[in-house]
1. Amide H of ILE187: which non-local residues (sequence gap of 5 or more, or other chain) have their own amide H closer than 5 Å, using H built in the peptide plane?
2. Above 42 angstrom, tally the Cα pairs of the chain and express them as a % of all pairs, no decimals.
3. Could you give the dipole magnitude of the chain about its Cα centre, charging the beta-carbon of Lys and Arg +1 and that of Asp and Glu -1, in debye to the nearest 20?
4. Please list, ordered by chain and number, the residues whose modelled amide H lies under 5 Å from the amide H of ALA351; skip anything fewer than 5 residues away on the same chain.
5. With each run of n ≥ 4 DSSP H residues scored as -39500 (n - 2.57), what mean residue ellipticity at 222 nm is computed for the chain after dividing by its residue count and rounding to the nearest 500 deg cm²/dmol?
6. Which Cα, out of LEU173, HIS134, SER118, lies furthest along the positive dipole direction of segment 69-182 (beta carbon charges, K/R +1, D/E -1)?
7. Would you work out which of ALA24, TRP421, VAL214 lies farthest towards the positive end of the dipole of the chain? Charges go on Cβ: Lys and Arg +1, Asp and Glu -1.
8. Across segment 51-103, how large is the tail of the calculated P(r) beyond 19 Å, expressed as a percent of all Cα pairs?
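What follows is calculated from the coordinates using simple rules that are stated; it is not laboratory data. Predicted, not measured: the structure shown is a model, and the values here were computed from it. Methodologically, a virtual Cβ is constructed for each residue, glycine included, from the backbone with ideal geometry; neighbour enumeration extends over all protein chains shown.
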Amino acid sequence: MKLSGWGRYPQIEITPLKPAHTPAVQSMIAAQANSSLGLSGLVARGLGRSYGDSALANTLITTQYLDHFLAFDEETGILHCASGVSFAEILKVFVPKGWFLPVTPGTQFVTVGGAIASDVHGKNHHLDGSFSAHLINLKLMVASGEILECSATQHRELFLATCGGMGLTGIILEASFQMLAIESAYIQETTWKTHNLAETLVLFDEFQKTTYSVAWIDCLSTGKQLGRSLLMLGEHAKKEDLAEGLGEGLQTAKTGKLSIPIDMPNAVLNSHSVKAFNSLYYNKIRQKQTQRQVHYAPFFYPLDSLQNWNRLYGKNGFIQYQFVLPKSSGLEGLTKILSKIAESKRGSFLAVLKAFGKGNDNYLSFPVEGYTLALDFKIDSTLFAFLNELDSIVLDYSGRLYLTKDARMSEATFKQSYPLWEQFQKVRAQYGAEKRFNSLQSQRLGL
Ligand SMILES: Cc1cc2nc3c(=O)[nH]c(=O)nc-3n(C[C@H](O)[C@H](O)[C@H](O)COP(=O)(O)OP(=O)(O)OC[C@H]3O[C@@H](n4cnc5c(N)ncnc54)[C@H](O)[C@@H]3O)c2cc1C
């Protein structure tokens, strides 16, 4: 079967292995070691929501069978589950009990294993860090087939390499993490409309104590309006503040039934359609500031209501280009990059800006204190050359690209921007992972 990441590039012909229990995973890893193709790579695959080639390899082990909850402590809110459990399933079971995920990406269709391997961040990174900050421990099957418990204090180096390590240290089997107590399933949302990027960044600073913040940027606006945005802020709504008619207020979302049935023809998505969409979206609110109470699903997962939305970009697929720039160079670097994008007339419906708090000690986790911008670009014959130019600007400003979105960065760009890659490799070598766990991405990046 043809398989790809969410960006649908690259695609490979492969049938993933679907073990039914843990001893089967052990045998699969052992078989890989004995095969003459031993160096060709094996990694785990969750729900395939990484965009590029990190969950692609010659041997893929799906974590579908690891779909069970193991324990939950109602006093402390610590959840212990198998790594193939999805965030959607966790929300379905735990929101009605008054618990939410401590950190969540912009889709609920990710597994716990995938969230750890990418060390995902959410709209609260500036206060709460990334997913690994809430992990108590995890169980990892390493190259020998042995299962090791890792945490910030136990096999610490393996823990630091595994969180954010893109599946390259072994197969995560289980994890325990801290959930967040909530009084309702609703978010008190405030939206600010800004005139330009400088104003957006000032507001990010002003509202740095607000739990959730994210800005949608009109990436085709230019001149004095460059970077004009809608900045969305959110707090979990308290029970006493809920609007009437919401009952107990802890109901989960229904999954969207709308779906894109075919690949969109290339002509549908162009600078004119994106410009028209951006203008409509930016002007959907007239006032400087609006407020509403909104269910967590449209607040955190607006794209989940449209299944297969990745087909909108046509059959060649798309690249999600996500980079982070340190805070000190944020305004200048973002201005340069947004100007270049507007000049190129390459539109992106999605242009999402977030503020990051301090980074952590993990060797390959993406966040550093500053600003991260994510943009979707349809693939055409000139896109990669254009993205190489953006890479140079990102490097000039001491930034880097997010591995879970990457499908094309060069080895040199990666090694320059992830200075702890050699320490990461040392730990992999120590546990025999270098010769066993490899993806198309790790091979491209020289890992
Ligand atoms: C619409 C959308 C919005 C998103 N928003 C955000 C966001 O806001 N913030 C953010 O950080 N990310 C975001 N992402 C990216 C997503 O959170 C990550 O790519 C996540 O890792 C996907 O999880 P998955 O289960 O689909 O993993 P996969 O895509 O299947 O795999 C991703 C990586 O994890 C490894 N892996 C998976 N399971 C295991 C395991 N059990 N053991 C070891 N390694 C494993 C794979 O080998 C691979 O390297 C978004 C993605 C989409 C599609």
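1. Those lying under 5 Å, H to H, from ILE187 are ALA237, VAL294, HIS295, TYR296.
2. Tail of P(r) above 42 Å: 11 percent of Cα pairs.
3. On the way: 42 positive and 39 negative charges, 260 e Å.
I would put it at about 1240 debye.
4. So ALA351 has HN proximity to ILE217.
5. Helices in the chain give a 222 nm mean residue ellipticity of -7500 deg cm²/dmol.
6. After comparing all options, I get SER118.
7. Comparing the listed Cα positions along the dipole, VAL214 ranks first.
8. 39 percent
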